[in-house]
Amino acid sequence: MVALDLDGTLVDQEGAARRWATEFIRSRGLTADVAAVALALTQRRPKGEVFNELVRTHDLGLDPDEVWANYRQRMPELVTCTDADREALVALRATGWRVGIVTNGMVDNQEGKIRQLGLDSLVDAWVISEEVGIRKPSPGIFHALAARLECPLDGWMIGDSLELDVVGGAGVGLRTALISGAEPTQDAAHADLLVASVAEAAAAIMSEATSPKTP
């Protein structure tokens, strides 16, 4: 199996967050910094805190839950996935891999992204933390994905988080590929592969699987 994270791995969450922040700030006539709001939206902390702070800081007189709901509704329409990464999913399945998405988040937001981008037709299954009541890096969410894929928990985990994806995947015996920037980081030492994209990870995985074994 090849398990993949969603935000920051298969989809450009940062770009979508910037677009949402730009829309929201302009629609409210705020002077807030788009980059600062977008950064807060992509931090790995409870989103309820983020929207409470946004509403309080700018004295918006809005219900934070309503702003959060708007964010979840819009994000599936704002995220993107590269053609190269889409083609990589097709190639993995064509060469016999069972491919699934394992993501933390709320069902409406995460499943909306999967379906809006057509990823539902490019993977074999997905698991969202809110649906199963387990979050990465807990082993249970990886076991849930393997069960949906109807295959052993054996193969690879591809993601952009050391703690959630690399440590979580390795903890259940998966090899790991860390999506990272152009500059190597200390996190690279904890992953089996350091790559710039899903497409690059998939190419390496398929190359290794088809390479002749050294006697």
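The values are calculated or read from the model by the stated rules, or taken from the named source; none is laboratory data. Keep in mind that what you see is a predicted model, and the values were worked out from it rather than measured. Note: ideal-geometry Cβ built from the backbone for every residue, glycine included; neighbour counts use all protein chains shown. Calculation scope for accessible area: heavy atoms of the full protein, side chains included, ligands and nucleic acids excluded. Shrake-Rupley method; radii C 1.70, N 1.55, O 1.52, S 1.80 Å.
For this structure, a couple of remarks:
- Scanning segment 56-66 for residues that are modelled with pLDDT under 90 and surrounded by 12 or more Cβ atoms within 10 Å (Cβ to Cβ) returns T57, H58, L60, L62.
- One residue stands out among those in segment 136-159 that are assigned to a helix (DSSP H, G or I) and among the small types (G, A, S): the one that is least open to solvent (accessible area, probe 1.4 Å), which is A146.
- Segment 161-185 - residue that is modelled with pLDDT under 95 and part of a loop (DSSP other than H, G, I, E, B) and, of those, most open to solvent (accessible area, probe 1.4 Å): E183
- Residue count, segment 121-135 (criterion: part of a helix (DSSP H, G or I) and either open to solvent by 20 Å² or more (accessible area, probe 1.4 Å) or over 21 Å from W68 (Cβ atoms) (or both)): 4
- Contact map, segment 163-177: first residue free of Cβ contacts under 8 Å to residues at least 24 places away in the same chain, second residue of a type in the set (S, T, N, Q), Cβ cut-off under 7 Å, separation 6 or more or different chains; pairs are A170/T176.
- Every residue from segment 84-120 that is in contact (Cβ under 8 Å) with a residue 24 or more places away in the chain and open to solvent by 60 Å² or more (accessible area, probe 1.4 Å): R86, E87, V90, R93, T95, R98, D108, R115, Q116
- Scope segment 1-51; condition β-branched (V, I, T), part of a loop (DSSP other than H, G, I, E, B) and more than 18 Å from K113 (Cβ to Cβ); matching residues: T31
- Residue within segment 23-42 that is at pLDDT 95 or above and more than 24 Å from A199 (Cβ to Cβ) present: no
- Total residues in segment 186-215 satisfying the condition of being in a helix (DSSP H, G or I), at pLDDT 95 or above and either under 13 Å from G8 (Cβ atoms) or among the aliphatic types (A, V, I, L, M) (or both): the figure is 8.
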